[in-house]
Amino acid sequence: RILEMKVSAKGLKGRIVPFKVRASEISKVASVLGDRKVGVAYSFNGALNCEPELERFPSELSKIMREGAFFVCSVRNTLCLSEAVLHGLALQFGKMAPRKKQPLMVSVGGRDIPSMYYSASEFVRLFSSHFELRRLIGLPAILPPAYLSDRYVRVRNIVGFVERIENVISSRFPFNRFGDQSLFVFQKRR
């Protein structure tokens, strides 16, 4: 409803068609697409982490995308290196790997829902029969996740060089696999 109001307010009715559907049932949008296929699909900030039937999603997405189309998404990782290091430095050893116990309950729109976290290799494997990985970037790779950023902001002037390092290594192995999230750029197989 909110999206419909925004589309209407911006005068984009007919150009943007809101469609409510679970990720694992994304091929249902074919009824809106008609004979057209999608060239680019996008999912951000861990939305796919909340899909209980994620293993169905790559096949369903493939049905509505044209060959060579791109799918860009970010997914929360099972291991966040900066999270582990910061909690270790604070002697909070019990908090070094909070993502191991799954599902984690996350707050979305004021409601707690179960969320599964994935390793980069596990996530790529889910997509491998329909999509080819083109790029993988850590978000952030070595900077702390958003919920710990207040600690980083306090010492930012001292360690500002870390941001420059982040820009250089965030797309390089192994750093691109151990950020709070990883950004995946997939291309549909031809």
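The values are calculated or read from the model by the stated rules, or taken from the named source; none is laboratory data. Every value quoted in this text rests on a predicted model; they were computed, and no experiment measured them. Note that each Cβ is placed from the backbone with ideal geometry, even for glycine, and that neighbours are counted across all protein chains shown. Accessible surface is based on the protein model in full, side chains and every heavy atom, while ligands, DNA and RNA are left aside. Shrake-Rupley method; radii C 1.70, N 1.55, O 1.52, S 1.80 Å.
See the values below:
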{"quantity": "For the chain, built as a Gaussian network whose Cα springs stay under 10 Å, the top-fluctuating residue of G179, G34, G11", "calculated": "G11"}
{"quantity": "Considering only the chain, percent of DSSP beta bridges that pair antiparallel, nearest 5", "calculated": "75 percent"}
{"quantity": "Residues with amide H under 5 Å from that of M65, placed H, sequence gap 5 or more", "calculated": "V38"}
{"quantity": "Evaluated at q = 0.13, 0.15, 0.16 Å⁻¹: base-10 log I(q)/I(0), Debye formula over Cα of the chain", "calculated": "-0.80, -1.00, -1.09"}
{"quantity": "Dipole of the chain [Lys/Arg +1, Asp/Glu -1 at C-beta], most positive-end residue of L143, G109, H87", "calculated": "G109"}
{"quantity": "Unsatisfied cross-links (Cα-Cα over 31 Å) in the set K20/K95; K13/K37; K6/K101; K20/K188; K6/K100; K95/K188", "calculated": "K20/K95; K6/K101; K6/K100; K95/K188"}
{"quantity": "Region 24-170, accessible surface, carbon-and-sulfur percent (1.4 angstrom probe)", "calculated": "58 percent"}
{"quantity": "Counted charge near A141, where neighbours are those whose Cβ lies closer than 15 Å (Asp, Glu -1; Lys, Arg +1)", "calculated": "+1"}
{"quantity": "Heavy-atom surface of the chain, accessible at 1.4 Å and reported per residue (Å²)", "calculated": "62 Å²"}
{"quantity": "Net charge, K6 excluded, C-beta distance under 15 Å - Lys, Arg +1, Asp, Glu -1", "calculated": "+4"}
{"quantity": "Of the trypsin sites (Lys or Arg not before Pro) in region 30-120, those whose Cβ has at most 16 other Cβ within 10 Å and which sit in DSSP loop", "calculated": "R36, K37, K100, K101"}
